[in-house]
Amino acid sequence: MDVREGNNYSLLENFVLNASLEILGKRFQGRDFFHDYFIFRRETIYALHPFLEEQKINLLKKIAIESGLKNEKIDEVSRMFCTGSSLFSLELYVQLNELKKFYEFFDKLLQSDEKLANILGEPKILIDLWDHQKEALQLWFQNGGKGIVEMATATGKTMVGLAAIQVLYKSRKKLNVLVLAHSKAILRQWRKEAISKLGLIADPNDNYNTSIGYGNKLRIEFNTMQTVYKNPGVYETDYLIVDEVHHGAGKEFRNALNVPCKWKMGLSATIEGGERESVLDQYLGKTVYEFTLEKAREKGIIPEFKLYIHKNFLDVRETVEFYLITEKIVNLLNFINSTQKEEIKLISNGKFSSFENLSDFVHLMANSRSKSDQIPAEWNSLSALLFSRRVIIHRSSPKIESAINLAKVVARNKKCVMFTMDIETCEKIYDSLSSYVNTYHVHSNLKEHQNNEELDKFKKCSNGVLIAPKMLDEGIDIPDAEIGINVSSSKTKLQLVQRMGRILRKKPGKKPVFHHFVALPQSFIDPEDSFNYLNDLAWIQDITLKMGITSEIYDADTIAPEDVKTIQELEKRSEEVACRYHAKYDKITSNEFGTIRIKSIVDSIEQEAKVKLINLLDNWDGSISDEQWIQILRASYDDESMVSIPNHLWLLIIAERKPENIVHLLQKYNN
């Protein structure tokens with residue numbers, strides 16, 4: 001008998017059903033069991049008949065929630081048996097009886113088709129919120145339904161925005177919602193999440209700008225900041241959600257935040273910079289809740305992970321090109337200093353008449369955009385040279401080849417996400433990998449439907465690699481990728497955290513690994529290059545301490561001894577440059593990361609920990625390595641695994657890695 005044929009399947013189902021009933025009848029002991037079950041089966045079939053398969057499951061979930069049940073019970077039963085079948089009804093009936101919820105559930109199931117359709121159409125969160133999501137929602141409402149929720153990537157900020165829809169709809173019974181984001185891909189994901197998590201009736205594969213809702217009672221619309229900022233008044237709504245809200249701080253798009261509305265929620269992984277914060281406060285309200293990456297690790301929201309650092313030198317051609325451009329930069333900076341003192345004085349408003357270093361030049365250029373007509377041609381040429389040199393680092397062949405070789409191995413049986421600086425590098429890696437492993441790519445030069453198809457294929461595959469420049473930095477959920485490979489230098493901590501967040505989403509049996517690639521030139525312009533390289537390392541150490549993890553050089557034992565020596569000398573010289581600069585200016589400044597002050601680092605160490613830290617250092621003999629520094633800091637916090645001391649590596653560097661110098665700085669800058 002072929003059980004796959006319809007009639008044979010029914011015969012088999014009836015056989016299993018009767019056998020199960022006989023066993024369960026003895027277990028429950030009584031005629032009521034059979035009588036109640038057959039009524040329940042009949043009414044379940046009648047109640048579910050008008051609805052599609054997915055709608056049936058969502059309806060049962062919503063009834064389960066209203067009956068005080070975990071909706072996971074419906075998932076459990078639907079995974080075992082076809083929804084609405086006799087065996088499905090039997091298993092659900094048994095589960096409800098064991099949980100003593102049968103009559104509550106059955107009463108709600110017996111409602112009219114119209115009332116059942118109302119239950120199905122109304123928004124209801126179909127998963128349990130985490131405690132931090134509940135707290136964020138509560139604080140947002142306490143602030144009058146306005147404000148920004150900052151939550152680390154992979155900790156469920158989307159659910160906070162959706163949960164507010166449920167609460168607002170329940171109190172008003174009519175609600176219009178507008179979701180704003182800077183990316184169509186993010187909006188497409190929001191639309192899918194709203195349908196699945198709120199149990200709404202809509203096709204999740206429709207275009208991102210197709211609204212969803214329930215009759216004339218609920219309408220959820222989705223649009224880009226790039227569209228709305230032109231005329232925000234025509235997009236009036238009740239509840240405005242702005243995802244990745246830091247994009248709205250830019251002068252170009254902040255007008256999009258003027259959409260007329262009663263409630264507004266901004267969502268972001270984190271917001272960096274005082275001006276950005278003040279702009280967003282003005283338009284959306286203050287930050288009402290913060291949930292950091294380290295808090296997420298501490299509470300088990302995201303899993304433990306491993307962090308590997310890959311250091312690669314430029315190849316011969318790149319080294320020569322880098323050196324030649326470096327010479328041109330030095331010569332042009334000297335020329336500007338010797339021949340354009342008056343111009344420097346004029347544009348800097350009399351602050352200085354020559355550039356002490358490249359940082360001075362870069363900062364002045366960044367702050368002089370309104371004086372572009374006064375900028376000498378040589379200054380623009382110098383800026384172009386700096387950019388050209390940076391591109392060499394970003395596109396370094398050894399770095400990219402090393403990442404490709406790694407992906408060839410790990411993507412055979414795991415899912416990987418690779419981040420690149422630009423589309424050109426993305427395409428190069430795609431071409432190199434596509435004949436070895438399942439390879440997918442997304443970027444802005446592809447059409448929207450092509451990007452959507454690539455993302456869907458990657459989500460469905462069991463192994464392979466997804467490559468992207470910046471599209472994956474924010475908001476796009478890749479739930480079962482577990483290897484991250486970053487070959488693009490991150491200009492901000494936010495970018496690095498967001499990239500890590502793409503692989504940190506918790507899933508049973510998943511152990512994420514993040515590989516961060518760094519390209520090293522052998523000729524630096526001091527101090528700018530030294531600072532940028534050291535700060536790359538400082539970011540890694542920040543994450544290591546905050547997340548309670550270890551970071552290590554990948555395959556350190558395979559690196560040639562001469563390369564190890566060169567790297568050590570490079571880092572030593574960079575640290576010496578940093579010490580001399582700090583001794584002169586009492587700060588470290590760079591265009592890449594802004595200004596770092598030792599006082600700010602010292603202030604971020606808790607007073608009690610500071611006392612313990614000084615005691616530990618008083619008893620320490622000899623120079624302190626990065627690994628030893630992490631151990632000492634954790635020991636000063638009573639061996640807490642996760643400690644937040646931003647830029648702590650700079651304290652070690654400025655102290656020349658000497659314990660007595662660290663103690664001196666701690667005492668000097670202590671409040």
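Observations, loosely collected:
- Residues that are modelled with pLDDT of 90 or more and surrounded by fewer than 23 Cβ atoms within 10 Å (Cβ to Cβ) were ranked within the range 412-423; the one that is nearest to Ile485 (Cα to Cα) is Lys414.
- Among the residues of the range 300-316, just one is among the charged types (D, E, K, R), closer than 22 Å to Ile483 by Cα and out of contact with any strand residue (DSSP E or B) (no Cβ under 7 Å at 6 or more places or on another chain), namely Glu304.
- Residue count, the range 296-320 (criterion: assigned to a helix (DSSP H, G or I) and modelled with pLDDT under 80): 2
- Listed by first and then second residue, the pairs linking a residue in the range 174-193 that is under 17 Å from Thr153 (Cα atoms) to a residue that is among the acidic types (Asp, Glu) and modelled with pLDDT of 90 or more, with Cβ atoms under 9 Å apart and 6 or more places separating them unless they lie on different chains, are Ala181/Asp243; His182/Asp243; Ser183/Asp243; Ile186/Asp243; Leu187/Asp243; Trp190/Asp243.
- The single condition among (1) without any contact (Cβ under 8 Å) to a residue 60 or more places away in the chain; (2) in contact with a strand residue (DSSP E or B) (Cβ under 9 Å, 6 or more places away or on another chain); (3) not in a strand (DSSP E or B) that Gly233 does not meet is (2).
- Of all the residues in the range 56-102, those that are of a type in the set (D, E, K, R) and outside any helix (DSSP H, G or I) number 3.
- Leu116 surrounded by fewer than 18 Cβ atoms within 10 Å (Cβ to Cβ) and in contact (Cβ under 8 Å) with a residue 24 or more places away in the chain: no
- Residue, surrounded by the fewest Cβ atoms within 10 Å (Cβ to Cβ), within the range 301-339, restricted to residues that are without any contact (Cβ under 8 Å) to a residue 24 or more places away in the chain and over 30 Å from Lys399 (Cα atoms): Ser338
- If you go through the range 340-356 and pick out every residue that is within 14 Å of Val330 (Cβ to Cβ) and either part of a helix (DSSP H, G or I) or touching a strand residue (DSSP E or B) at 6+ places or on another chain (Cβ under 9 Å) (or both), you end up with 0.
- For the range 120-151, a residue qualifies if it is assigned to a helix (DSSP H, G or I) and either on the phi > 0 side of the Ramachandran plot or crowded, with 18+ Cβ neighbours inside 10 Å (or both), and the qualifying residues are Leu120, Gly121, His132, Gln133, Ala136, Leu137, Trp140.
- Tabulated pairs, the range 625-639, first in the same structural domain as Ala609 (by TED's automatic domain parsing), second assigned to a helix (DSSP H, G or I) and at pLDDT below 90, C-beta under 6 angstrom, 6+ apart or interchain: Ile630/Leu545
- Residues that are among the charged types (D, E, K, R), surrounded by fewer than 21 Cβ atoms within 10 Å (Cβ to Cβ) and in a helix (DSSP H, G or I), drawn from the range 154-182: Lys170, Arg172
- Scope the range 132-171; condition of a type in the set (D, E, K, R) and free of Cβ contacts under 8 Å to residues at least 60 places away in the same chain; matching residues: Lys134, Lys170
- A count restricted to the range 14-54 and to residues that are at pLDDT below 80 and part of a loop (DSSP other than H, G, I, E, B) stands at 2.
- Scanning the range 603-625 for residues that are crowded, with 17+ Cβ neighbours inside 10 Å and either touching a His at 6+ places or on another chain (Cβ under 7 Å) or under 23 Å from Leu293 (Cβ atoms) (or both) yields a count of 2.
The values are calculated or read from the model by the stated rules, or taken from the named source; none is laboratory data. Remember, it's a predicted structure, so these values are computed and weren't measured experimentally. Cβ atoms come from the backbone with ideal geometry, glycine included; neighbour counts cover every protein chain shown.
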